[in-house]
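Presented below is the structure to which this report refers.
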Amino acid sequence: MTTFPADFVWGTATASYQIEGAVAEDGRRPSTWDTFARTPGKVWNGDTGDVACDHYHRFAEDVAIMADLGVDAYRFSVAWPRVVPEGTGAVNQAGLDFYRRVAETCLEHGVQPYVTLYHWDLPQPLEDAGGWLSRSTAEAFAEYARITHEALGDVIGSWITLNEPWCSALLGYAAGVHAPGQQLGTRSLEAAHHLLLGHGLAVQAMRADGGEAPLGITLNLHAVRAASDSEADLEAARRYDGLGNRLFLDPLLRGAYPEDVLADTGTTEWFAERSDDLATIAEPIDFIGINYYSAHTVAAPEDGRFSDPSLPTPTPGSERVVTVDTGAEKTQMGWEIHPDGLVDVLAQVHALAPGLPLYVTENGSAWPDEVGPDGRVEDEDRRRYLEAHLEACREAVARGLPLKGYFCWSLLDNFEWAFGYDRRFGIVRVDYETQQRTVKRSGEFYRDFVARERG
Ligand code: IFM
């Protein structure tokens, strides 16, 4: 059996708005997610991140849990509206101090801090000025990245600019199911461009600031399979892969947008006018993070086939693609479980950028956990999902893919965006009434797996 390299990084991941709470403390100002969550009908049960897991006050306890689990690294995100509360202008030292405390506590426990600079909490004033539809947001992001890098560069092990720009652009500006909740069709691709530009500018700004820490970006990649070899189904797969993967991978790793996607969406001219930005977007990076949850089998629409609500409608072209239910087991999110798809997406990225280190920066599953009379959570479904995907990572390593680490999503149950607290992804249970943390069976499994792999 292939063993993981000795320096393979084992981690867990979270994100600021999903766990911190304390949304109005120590100078933090509202983000688009504060606004969105407060808009009636946008988030299940009217849940908000106001308190979440209260990680802002309990981070030391959470880091100690990670140390007990024996993980090497903690991927957390910095909330832009804590550091630069209005998006541009005045810097909030208290916000930077908080993240320094988190990072230093990690280091004291032998846990390397990996920081994501943008996991969706855009300062509301920037959204009011156009959000990611505006080029100035990309420039503001680079300045915020520079400030954070300069302040925390001595304690952060790795930097990730953006988390899942596909979600920010297409769920936020096309499907409207994420903040800021807009349904602008092809204009969502303008948001994608400005996110990518923001990434490139941020990489340049952080490089100019100096330091050794690796810089990268995290994408949520879709393993795409055509339902059949028919021309129509292959065409559907091309479209799904185009919007879900290549729209982001190609400019980042090849310095060019996929022409078929621009043609499909009628945006060729708009992008041609901005072709000078491509060199910035393709600024060399040190690694790429991949968030993987499911594979998608797609087909041309036809009666009786199931249409996937996660493919953003009304993005032009989405009406030409449906997702087929293959009968595979699904998580509580309705996402089919296909561990082999993880190897496929890693191989897809490797083919584009041979030699670029790869990390699985998120992977996990939601299940309707039950708490036993003894307080234990025997989450066998989550444990099996985790084991199957860890074995897929082993397979990737065996095939020679340069996979350097794995971060389980998530350390804690948390605010699952539009699903509020109704979906639990944690390997540690959070009782939202008492804020008590309990390591689930899946967490114990992960601890033992990591220990065994380390020999
Ligand atoms: O909770 C999210 C996370 O914020 C981004 N990636 C997917 C996770 C599960 O939906």
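Note on Asp26 and Glu444: the extension gain reaches 147.0 nm, defined as 0.36 nm multiplied by sequence separation minus the Cα-Cα distance. Is the C-alpha gyration tensor of segment 397-455 telling us rounded, prolate or oblate? Criteria: a/c under 1.5 is rounded; beyond that, a/b larger than b/c is prolate, otherwise oblate. Oblate. FRET efficiency for the Ala60 to Ala256 pair, using the beta carbon distance and R₀ = 45 Å, is estimated at 0.45.
Looking at the square roots a ≥ b ≥ c of the eigenvalues of the Cα gyration tensor of segment 315-455, which shape do they give, rounded for a/c under 1.5, prolate if a/b is larger than b/c, or oblate? List each step's numbers first, then the result.
Details: a/c = 2.07, a/b = 1.27, b/c = 1.63.
Oblate is the answer for segment 315-455, as a/c is 1.5 or above yet b/c matches or exceeds a/b.
Per residue, segment 97-152 exposes 33 Å² of solvent-accessible protein surface, assessed with a 1.4 angstrom probe and all protein chains in place. Between Leu234 and Glu329, full extension at 0.36 nm per residue minus the direct alpha carbon distance yields a gain of 31.8 nm. Considering helices alone, the calculated mean residue ellipticity of the chain at 222 nm is -11500 deg cm²/dmol, with DSSP H runs of length four and up weighted by -39500 (n - 2.57) and normalised per residue. When the accessible area of the chain is computed with all protein chains present and a 1.4 Å probe, what percentage of it is carbon and sulfur? Carbon-and-sulfur percentage of accessible area, whole number: 49.
For the chain, the membrane-span-like helix rule (DSSP H, alpha carbon extent of at least 30 Å along the helix axis, mean Kyte-Doolittle at least -0.5) picks out 188-209; this says nothing about an actual membrane. Computed with a 1.4 Å probe over protein heavy atoms only, the accessible surface of segment 397-451 comes to 31 Å² per residue.
Write down the percent of antiparallel bridges among all DSSP beta bridges whose residues are both part of the chain, to the nearest 5. Display every interim value, and only then the final one.
Numbers: 8 of 45 bridges.
Around 20 percent antiparallel, to the nearest 5.
The values are calculated or read from the model by the stated rules, or taken from the named source; none is laboratory data. Note that the structure is a prediction, hence the values are computed from the model and not measured. We place every Cβ from the backbone using ideal geometry, glycine too, and count neighbours over all the protein chains shown. In case anyone asks, the SASA skips ligands and DNA or RNA and just uses the protein heavy atoms, side chains included. Shrake-Rupley method; radii C 1.70, N 1.55, O 1.52, S 1.80 Å.
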